1. Restricting to the range A:323-344, and then to whatever is farther than 14 Å from A:Asn310 by Cβ and open to solvent by 10 Å² or more (accessible area, probe 1.4 Å), can you tell me which residue is nearest to the chain's Cα centre (by Cα)?
2. For the range A:52-75, name all the residues that are within 14 Å of chain B (Cβ to nearest Cβ) and closer than 13 Å to A:Ile143 by Cβ.
3. Every residue in the range A:264-313 that is of a type in the set (Val, Ile, Thr) and surrounded by 15 or more Cβ atoms within 10 Å (Cβ to Cβ), please.
4. Would you mind finding the one in A:Asn236, A:Asn261, A:Asn210 that is away from every other protein chain (no Cβ under 14 Å) and either crowded, with 18+ Cβ neighbours inside 10 Å or farther than 13 Å from B:Met341 by Cβ (or both)?
5. Please go through the range B:340-367 and give me each residue that is part of a loop (DSSP other than H, G, I, E, B) and at the interface with chain A (Cβ under 7 Å from one of its Cβ atoms), ordered by number.
6. Would you point out which residue out of A:Ser245, A:Ser196, A:Ser256 is open to solvent by less than 50 Å² (accessible area, probe 1.4 Å), more than 14 Å from chain B (Cβ to nearest Cβ) and modelled with pLDDT under 85?
7. Which residues, taken from the range B:87-111, are assigned to a loop (DSSP other than H, G, I, E, B) and over 25 Å from B:Gly155 (Cα atoms)?
8. Kindly establish whether A:Ser370 is open to solvent by less than 10 Å² (accessible area, probe 1.4 Å), touching a residue at least 12 places away in the same chain (Cβ under 8 Å) and within 30 Å of A:Phe246 (Cβ to Cβ).
Amino acid sequence: MSCIVLQLGQCGNQVGQHVFDTLVEDNQTHVNAAKSTITNRSSVDEYVRNSLDRFFIQYDNKLIARALAIDTELKVIEQLTNEKAQAKRHWHYEKKCVFEGRLGSGNNWACGYRNGSLAEEHILEKLRWQLEHADRVDTILPILSLAGGTGSGLGAYAVECVRDELPRSFLLTTIVVPYTSGEVVVQNYNSLLTLSHLYHSTDALLVFENDILQQYAKKLVSCSGVDRPTNIHDMNNILTRHLCSFLQPIAKKDHSFCDLNYLLEQLLPHTFYKLLTLRCVPQLSDQALDFSTYKWSSLIKTLSQMYINNSYLDEGLNWSLKPFQTRTKSLANVFLSRSYDKEDLDNELKQYFNQSDFYSSFLSPSNYYSAFQYRDKSYLNYEKYLSFVSNCQTPVASLDRIVNKSWQLFGQKAYLHHYMKYDIDEQVFLNGFVQIEQVIKSYNQL
Amino acid sequence: QNIVVQVGQCGSQIGCRFWDLALREHASLMSPTNAKKCIYDASMNAFFRNIDSSKNTPLAYPSPIHTLKARAVLVDMEEGVLRSILASPLRDLFEGEQFIRDVSGAGNNWAVGNRFYGGKYRNVLSEEIRRQAEQCDSLQSFMLIHSMGGGTGSGLGTFILGLLDEMYPKVCRIVTPVYPSKDDDVITSPYNSVLATRELTEHADCVIPVDNDSLIDIVARCDSSSKPKDDGRHPFDSMNTIVANLILNLTSSSRFDGPLNVDLSEIPMNLVPYPRIHYLISSQVPAPFKTSAANSSIPRNTNQIFRDALSPHYQTLRVRPQTDGVYIACGMILRSKTIQMSDIRRNIDMLKLKHMKFVKWNEDGWK
């Protein structure tokens with residue numbers, strides 16, 4: 001069962017490229033090779049095979065990424081398909097699956113949306129090419145940012161097309177929420193329109209925020225001892241690391257590998273609650289990895305405190321908060337643990353996460369969380385890695401901010417003429433407002 | 001691609017500097033010794049065409065450079081300036097049809113430039129513009145350069161603007177008009193400027209006005225090589241360099257790649273909230289002159305770049321937005337190898353807090 005990645009816009013393409021790099025890197029790291037016994041080896045081989053099958057088309061000795069790279073400007077795509085860059089990697093993009101426009105979308109959601117409708121045929125044709133080269137496609141993974149023109153506008157259109165074309169596949173969209181203090185002036189308009197269109201086409205939205213990634217990157221860079229400012233590369237690094245820990249194969253209790261769909265099914269009990277967040281521990285820079293060891297219980301405890309504090313970082317946590325003071329409630333949680341040792345996490349998880357305060361009242365304790373693990377191989381260089389995916393109220397704060405700011409601008413009718421040029425009128429905006437406010441309200445009622 | 005339309009004496013002179021600078025910029029990216037590396041690539045495609053002059057056929061990119069032709073239309077109603085361009089080393093950049101000229105000039109009269117010459121040359125102009133546009137496969141913008149005080153620049157320049165609006169309404173029109181200084185030598189310049197400004201408000205997508213006074217200030221402060229001239233003449237060469245650099249840098253992100261690209265159409269999208277409010281103030285740090293020990297404009301550290309960019313000393317227009325006014329939106333284009341995202345973030349936060357008053361409904365109006 002394969003997954004196809006849709007890289008939409010500059011952000012999507014940069015992140016997507018990094019995702020494939022990280023997947024390959026993970027498949028090749030075997031920490032502590034001395035520990036691998038015979039049974040271990042076959043299991044690890046199966047893991048690698050599973051992962052490669054999921055994300056790459058393999059023939060001869062080459063790996064072709066199961067991805068569509070779509071952008072309306074030339075530059076980023078040229079970087080991806082650059083001959084020199086491809087030679088350094090073990091995998092490459094299929095030329096037929098790359099779509100590039102010429103003019104760009106000018107940070108204009110309406111322009112991106114219209115570019116999408118013009119490019120629909122091409123995109124679907126490339127999608128079909130990928131589908132033909134996969135035995136069974138279960139999940140489609142669009143990656144896009146909310147602030148720009150292409151990722152948001154064309155991305156929204158593309159996701160709608162894909163939904164029409166493949167009504168039964170899972171669509172897990174990864175979105176990057178822009179900085180609060182603005183990287184694009186009309187980002188709030190763009191984010192609002194994208195979210196409102198995406199919300200009914202996609203099955204799940206995995207939310208990452210630039211603010212948080214920036215903080216995280218700053219922490220890592222300062223810990224690594226090198227004095228340099230953080231850049232977008234660092235932030236992309238963190239994002240892909242988190243994302244890949246979710247995408248790599250994982251097994252259920254009975255050691256059989258399960259699909260991404262199975263994980264998603266655990267997380268989405270209701271069609272109206274689609275926002276997912278990803279928290280991972282440990283949070284270390286590369287240099288510190290070699291020197292740190294952790295126990296599962298401390299990792300789980302940190303994770304629970306992060307959850308209570310409604311934060312993504314394990315710094316600055318208020319450890320005195322008790323579970324009933326939790327700042328966020330969730331609908332479902334999934335734990336993915338990856339390491340070499342054979343420990344079982346059930347007891348610790350039960351101790352910290354079986355609190356009814358964490359969850360909304362209509363859930364029964366058996367549905368609180370599910371745990372999955374892979375015990376024969378570690379993730380990248382981490383000795384133990386715990387990913388925590390949760391369907392909770394945390395992203396609602398940023399949605400709220402986006403709606404408020406857009407409403408301010410909308411009240412002054414500022415910048416609307418740019419959108420009207422492409423037939424996006426006030427009604428579309430108002431629909432967007434209504435939809436997102438509904439989402440915010442339903443999450444707040446949990 | 002972008003097409004540059006330079007009108008009038010001022011426009012032509014700034015245009016010449018611009019082409020000179022553009023060639024230098026691309027030349028500096030290529031190694032001078034290895035001829036194979038001189039490739040006509042996507043970034044040159046924005047302003048130049050590559051033509052095989054023996055067969056007179058255009059070459060697509062990437063291809064080795066043969067003969068470059070600029071994507072430009074040069075208009076002047078007097079012979080003087082155009083003739084000097086033809087005598088200069090830049091003459092190979094232009095084909096004969098790209099020059100549109102007349103003999104007698106517009107006599108510093110907007111009406112003559114706009115109505116008389118407009119009517120007379122309307123067909124010729126639209127033909128030439130169409131010819132240039134057909135040679136582009138994805139035309140993104142027209143960049144119009146002219147002065148506001150004279151006759152040809154303001155009159156015919158704004159006529160062309162209206163023509164572009166009519167012929168190509170969806171292509172972005174960016175205008176860099178040069179407003180006259182307080183002691184300008186043209187007596188009717190106020191009339192010309194006002195009449196032309198009305199046309200700019202109607203037809204342009206984005207106007208970046210430039211003021212002769214502030215250019216003189218910047219030159220006086222930053223360029224140590226130009227000593228103050230006793231005969232009261234302005235250092236036009238250096239002033240034109242500033243404006244030419246402005247236009248070049250605006251398009252730099254759409255030509256070269258980087259971690260966060262800014263396309264030309266994003267500039268009006270983000271900075272123009274209402275269709276008629278499209279006058280932008282621009283400033284460049286450091287001022288683009290040859291470095292010398294006395295060049296005081298080279299900033300001493302990263303943070304200072306941001307502060308200087310907002311200071312009225314480096315603006316091309318003499319206004320003080322920080323003390324007198326309110327910002328609607330603000331955009332920054334950075335070309336650097338060393339400045340990173342976190343520097344930008346930090347400085348934006350600092351600047352917002354201390355120096356800038358933003359309009360209430362767009363507190364985070366940054367690009």
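1. A:Tyr340
2. Listed by number, the list holds a single entry, A:Asp71.
3. Residues satisfying the conditions are A:Thr277, A:Val281, A:Ile300, A:Thr302, A:Ile308.
4. Only one candidate qualifies: A:Asn261.
5. B:Gln340, B:Asp364, B:Gly365, B:Lys367
6. Matching residue, one of A:Ser245, A:Ser196, A:Ser256: A:Ser256.
7. The one that is assigned to a loop (DSSP other than H, G, I, E, B) and over 25 Å from B:Gly155 (Cα atoms): B:Ser88.
8. It is false that A:Ser370 is open to solvent by less than 10 Å² (accessible area, probe 1.4 Å), touching a residue at least 12 places away in the same chain (Cβ under 8 Å) and within 30 Å of A:Phe246 (Cβ to Cβ).
The values are calculated or read from the model by the stated rules, or taken from the named source; none is laboratory data. Predicted model only: the values in this text are computed from it and were never measured. Heads up, the Cβs are rebuilt from the backbone with ideal geometry, glycines too, and the neighbour counts pull from every protein chain shown. Note: areas computed on protein heavy atoms with side chains; ligands, DNA, RNA excluded. Shrake-Rupley method; radii C 1.70, N 1.55, O 1.52, S 1.80 Å.
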